[in-house]
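Quick notes on the structure that follows.
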Amino acid sequence: MRKVYKNIFGEVISKSKATKLDEYHLYYYESDSDILKEIEFINEESIYNINYFLHEGDNEDEVVEYLKEKSDFFDIERRETADGFIITTNKLYSLSVDDLPLISKTVFKTDDPENFICSQVIDNETQKPQLERTVKCWYTTDKNGEKYAAIECSYEEDGKLELAVDKTSDPDNEQNWTHYDYETFHELQEKIPVDISYYKTAALLPKEAYQN
């Protein structure tokens, strides 16, 4: 493993400088590569959080036991790609609260890996999504060319759209946002120049890329 020390702003620093700081981050990369395996978040020489990135060949059970030895709080992420989408599965452990993790799935477009289009919480017992906790976002750009979540959607237990909040008319002024539900979704679709039917239900993945 190759270790890289960074300050809280993400700037690479030396080990000697890091250990003099109250807080720093320690990145572990696979030897002779840029494949990131682990980030330790360290405060006053104590690890308070770990992000671990699963890769092919990793044994998740062994990873959990390894991380338990280092911290009570850690997140294990597995990343997959499918038909132009990135799907991350995160298992967030907080051992002082529960031995079972909080599981979530998040979807991004491969050409926009910074902005999620869907986030779901997964039930630990059934391994199925809790549809009423699903959030979806549709993005466009504002008058300054900045991308923002122009439509935010929430859902009911059966996966039908509960509320779609349209911010396009005035992104910075909540009073001017428009609300739609499952029955009035067609009115929202009429305003948007691309097919946004993916946002009508809580399904994790669209059948095709609806956003341009």
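The values are calculated or read from the model by the stated rules, or taken from the named source; none is laboratory data. Everything numeric in this text was worked out from a predicted model, so none of it was measured. Using ideal geometry, Cβ is built from the backbone for each residue, glycine included, and neighbour counts are taken over all protein chains shown.
Structure notes:
- Qualifying residue in segment 179-186 (condition: charged (D, E, K, R) and either loosely packed, with under 13 Cβ neighbours inside 10 Å or touching a Ser or Thr at 6+ places or on another chain (Cβ under 8 Å) (or both)): yes
- Some residue of segment 148-159 being farther than 26 Å from I103 by Cβ, out of contact with any His (no Cβ under 6 Å at 6 or more places or on another chain), assigned by TED's automatic domain parsing to the domain that holds K109 and assigned to a loop (DSSP other than H, G, I, E, B): no
- Some residue of segment 156-169 being farther than 19 Å from I87 by Cβ, surrounded by 15 or more Cβ atoms within 10 Å (Cβ to Cβ) and among the small types (G, A, S): yes
- Sole residue being in the same structural domain as L205 (by TED's automatic domain parsing) and either surrounded by 10 or more Cβ atoms within 10 Å (Cβ to Cβ) or part of a strand (DSSP E or B) (or both), chosen from I39, I87, I50: I87
- Considering residues of segment 160-179 that are in a loop (DSSP other than H, G, I, E, B) and touching a helix residue (DSSP H, G or I) at 6+ places or on another chain (Cβ under 9 Å) only, the residue modelled with the highest pLDDT: K167
- Only one entry in T178, T141, T184 is under 24 Å from the mean Cα position of the chain (by Cα) and of a type in the set (S, T, N, Q), namely T141.
- In segment 76-122, the qualifying residues are those that are modelled with pLDDT under 95 and of a type in the set (D, E), and the one that is nearest to T201 (Cα to Cα) is D83.
- Test: residue in segment 144-158 that is polar (S, T, N, Q) and at pLDDT below 95: yes
- Some residue of segment 65-82 being of a type in the set (S, T, N, Q) and in contact with an Asp or Glu (Cβ under 6 Å, 6 or more places away or on another chain): no
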